[in-house]
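Everything on this sheet refers to the single structure shown next.
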Amino acid sequence: MRYDLNLLPVFVTLMEERSVTRAAERLGITQPALSNALARLRVMMRDQLFIRERYGIQPTQMAQDLAPVVAAALAKIDEVVLGQQTFDPLQAELSVTIAPNSYVEFVLMPAIVARLREQAPGIKLRLTPFGNDLAETGVISGTTTMVLGRVVDPPDSLVVQHLMDEGLACVVRADHPEIHDRISQEQYERLKHVNVLPPGRLRVGLFHALEQRGIRREVAVSVTHFLAVPEMIAVTDYCATLPTLICDHLAHDPRLKILPAPVDLGTFPLDMAWHVRYRNDPAHRWLRSLVAEVTREIAGGTSEE
């Protein structure tokens with residue numbers, strides 16, 4: 001039987017999104033075009049594959065059985081084809097989608113973009129959010145080039161590389177009436193705090209670290225991005241507990257002062273993950289090397305390939 005390989009990425013995306021609309025958006029095609037592709041998939045596979053329900057679509061049993069087989073087949077094809085290619089960053093013309101968490105977007109992405117402009121000016125970069133669900137980023141299907149953040153319990157289809165470990169420090173306004181050169185645990189617990197909601201895994205890690213050490217924290221405001229923190233702290237007597245590299249950026253703001261946390265809150269990891277099909281892709285290998293190099297330079301430590 002003859003198979004249309006162009007339809008297989010459509011199948012994988014529909015499996016992940018469970019929505020024709022969202023799948024079309026991720027693939028960069030119109031909804032009618034995706035519906036047409038789904039119709040051809042059904043004919044090719046001789047099965048409905050997806051059943052429309054009130055809040056999306058659900059895969060049939062055959063679709064569930066096909067999913068790991070199709071993903072493995074695409075990975076093997078990519079491994080053979082891409083492994084034969086060479087990559088010249090100066091001449092490359094391609095689009096890359098990266099899903100960084102908000103920490104990476106703030107701390108690393110500007111330097112990564114600057115390095116790409118110097119070494120691979122033809123690469124166009126698109127950033128997509130990295131939340132708690134890896135499937136939503138597109139990295140599990142391979143439509144997203146890589147994710148940068150804390151990767152917990154990855155599926156077998158992902159390769160994960162540890163980039164660095166990051167610590168935590170505190171931020172208060174420079175003329176805070178109570179806090180001077182250090183912050184005690186008693187003061188920390190008495191103050192109200194600004195909490196950053198994403199990235200989700202970091203939030204869990206910080207709350208867990210405080211709980212392990214028996215430290216209480218009253219959260220007065222929860223924001224959705226690190227960029228909102230300095231404005232909140234500058235006009236209140238609140239405190240924020242943030243990654244040290246973000247604190248390094250904020251240290252240049254005369255309205256703020258950076259202090260060590262009242263106790264050692266440990267570290268949290270930063271990882272880079274990508275679909276196994278890209279393992280031997282020359283362009284992807286080059287990009288992974290660039291990201292690791294930038295991370296080493298910014299963190300002042302070492303990363304392992």
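The values are calculated or read from the model by the stated rules, or taken from the named source; none is laboratory data. In this text, all values refer to a predicted model and were calculated from it rather than measured experimentally. Using ideal geometry, Cβ is built from the backbone for each residue, glycine included, and neighbour counts are taken over all protein chains shown. Please note that ligands, DNA and RNA were not included when accessible areas were found on the heavy atoms of the full protein model with its side chains. Shrake-Rupley method; radii C 1.70, N 1.55, O 1.52, S 1.80 Å.
Here is the size of the range 12-78 from its Cα atoms: Rg then Dmax, 11.8, 36 Å. Values of log10 I(q)/I(0) for the range 240-282 across q = 0.30, 0.35 Å⁻¹ run -1.15, -1.27, by the Debye formula with one identical scatterer at each alpha carbon and no solvent. With helices as the sole contributors, the chain gives -12500 deg cm²/dmol at 222 nm; each DSSP H run of n ≥ 4 counts as -39500 (n - 2.57), and the sum is divided by every residue.
Just the number, please: carbon plus sulfur as a percent of the accessible area of the chain, 1.4 Å probe, no ligands or DNA/RNA counted.
Details: 7930 of 15710 Å².
On the chain, the fraction of accessible area on carbon and sulfur atoms equals 50 percent.
Measuring r between the beta carbons of L127 and I298 and using R0 = 25 Å, the FRET efficiency lands at 0.90.
Cross-link partners of K257 among lysines, defined as those whose alpha carbon lies under 29 angstrom from its own and excluding same-chain residues fewer than eight positions apart: K192. As an equivalent ellipsoid, the range 1-153 spans semi-axes of 31, 19, 14 angstrom, where each value is the square root of five times an eigenvalue of the C-alpha gyration tensor, largest first. Packing, taken as the mean count of other beta carbons within 10 Å per residue, orders the peptides 7-18, 254-265, 136-147 from highest to lowest as 136-147, 7-18, 254-265. Of the three principal axes defined by the Cα atoms of the chain, the extents in descending order read 76, 48, 31 Å.
Taking 7 Å along the Cα-to-C-beta vector as the label spot, tell me the L94-D253 distance in nanometres, rounded to one decimal. Spacing of the two 7 Å Cα→Cβ label points: 3.8 nm. Rolling a 1.4 Å probe over the heavy atoms of the protein chains gives the chain an accessible area of 52 Å² per residue.
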